[in-house]
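Values quoted throughout were computed directly from the atomic coordinates according to the rules given, and no laboratory measurement underlies them. A quick note: this is a predicted structure, and the numbers were derived from the prediction, not measured. Quick reminder, even Gly has a Cβ in these numbers, built from the backbone with ideal geometry, and neighbours come from all protein chains shown.
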């Protein structure tokens with residue numbers, strides 16, 4: 001087995017200068033949240049560590065995760081595919097086909113056992129022995145378990161692989177199941193329909209630099225990108241706080257950029273980096289384009305009610321609140337409890353106001369009688 005070249009060795013073959021290499025390392029450091037002091041760690045990792053081979057599997061999905069990843073204009077994304085990792089097998093991007101393609105996967109699993117990265121896109125059907133998704137005559141279940149056995153890192157790309165997405169929506173006829181519910185190994189979930197390309201890049205970069213999983217929340221998502229609600233970092237948040245809402249698409253309030261909450265925006269109950277990292281090299285995200293958040297990075301988002309019906313009114317939870325402490329499923333009971341709290345708070349405040357008014361009136365009356 002030949003030695004796998006490092007990232008630095010790989011790009012040297014392409015004629016990349018030392019200056020461009022260091023610039024790339026600074027991009028990578030920023031992507032995973034490191035300041036200037038952390039750049040040497042990235043440089044050392046890319047100079048010395050071998051590029052990990054990668055196997056990218058596709059099951060029940062529409063390939064939008066791959067589309068998001070390869071269409072990003074951020075330079076790191078292209079470099080990750082071409083240089084940082086050795087993408088040995090993926091049905092949508094590989095050159096070989098048939099037996100030659102399957103041999104690439106088999107050789108990678110055998111020659112790099114315990115060292116390769118497994119990337120999974122799509123849910124896995126479990127009903128009827130997985131007959132609803134077969135590749136080369138084998139079920140998705142068998143392919144996944146075989147590939148996962150020797151993987152050093154397993155990443156579930158997108159909501160289909162992370163939580164089942166539309167395939168698992170009621171009534172879920174194929175019993176579509178997310179990857180982490182099938183395997184007995186740690187899985188990093190990177191949900192979204194599709195996930196943001198730079199978030200996908202950052203997860204891989206973190207592993208390449210530190211050799212371990214990033215810190216995860218209770219749903220297996222990297223906290224760096226899924227610890228705050230879209231609502232908390234949305235540029236329309238001031239309009240929400242001021243009670244200024246869009247009433248119908250393309251009305252005057254929509255043209256003024258008011259809050260889309262009444263149009264069904266799920267930003268207040270969705271944890272993702274959309275408003276910060278954005279899409280297409282930081283150009284925009286759905287809310288910025290005039291459409292409310294659908295909550296696509298949350299479990300069961302297809303079954304959480306009509307997309308264009310707003311949630312019950314509730315007070316803000318606070319930026320410091322995380323998905324682990326609040327929970328992300330939009331349940332009737334949870335919303336009822338929040339609404340009850342809001343009503344109780346308002347009643348209490350109203351009583352205090354009325355009491356203050358009454359006391360002021362009595363004081364004025366007593367003052368008048370004293371004169």
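Things to note:
- Extension gain, residue 135-residue 97: 0.36 nm per intervening residue step, less the Cα-Cα distance, totals 12.5 nm.
- Extension gain, residue 185 to residue 35, is 50.8 nm, computed as 0.36 nm per intervening residue step minus the present C-alpha separation.
- Taking a ≥ b ≥ c as the square roots of the eigenvalues of the Cα gyration tensor, the stretch 7-225 is prolate, since a/c reaches 1.5 or more and a/b is larger than b/c.
- Antiparallel content of DSSP bridges confined to the stretch 7-225, in %, to 5: 25 percent
- Rounded, prolate or oblate (a/c below 1.5 giving rounded, otherwise prolate when a/b exceeds b/c) for the stretch 156-264 by Cα gyration tensor: oblate
- Taking label positions 7 Å along the Cα-Cβ direction at both residue 288 and residue 128, the computed distance is 4.5 nm, reported to one decimal.
- For the stretch 211-293, the square roots a ≥ b ≥ c of the C-alpha gyration tensor eigenvalues yield an a/c of 1.5 or more together with a/b exceeding b/c, which makes the shape prolate.
- Computed FRET value (nearest 0.05) for residue 255 with residue 48, which takes r as the C-beta separation and R₀ as 41 Å: 0.15
- Packing-based order for 154-167, 298-311, 87-100, using average beta carbon neighbours within 10 Å, highest first: 154-167, 298-311, 87-100
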